[in-house]
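Take a look at the structure set out below.
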């Protein structure tokens, strides 16, 4: 079985090719360096195509779709 050299994934509706073995945060960093730093800082979050949060260190698979969204404070956290 041949391992591909790169994978095509999508971040905020933009396609990007990243090396095989890359993590989700790596794909964000290629396209949106500031947003990647915000994810690391905890002010932004990475979600999958369904809007479910995923860890930034998720290994990539070809065709994966991610979105970067703001972290919103929950009401009970602000009380």
- Any hit, the stretch 20-43, residues being modelled with pLDDT under 95 and within 22 Å of residue 7 (Cα to Cα): yes
- Pick out the one residue from 7, 46 that is touching a strand residue (DSSP E or B) at 6+ places or on another chain (Cβ under 7 Å), buried (at least 18 other Cβ atoms within 10 Å of the Cβ) and at pLDDT below 95. 7
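The values are calculated or read from the model by the stated rules, or taken from the named source; none is laboratory data. Bear in mind the structure is a predicted one, so any value in this text is a computation, not a measurement. Every residue, glycine as well, gets a Cβ built from its backbone with ideal geometry; the counts of neighbours run over all protein chains shown.
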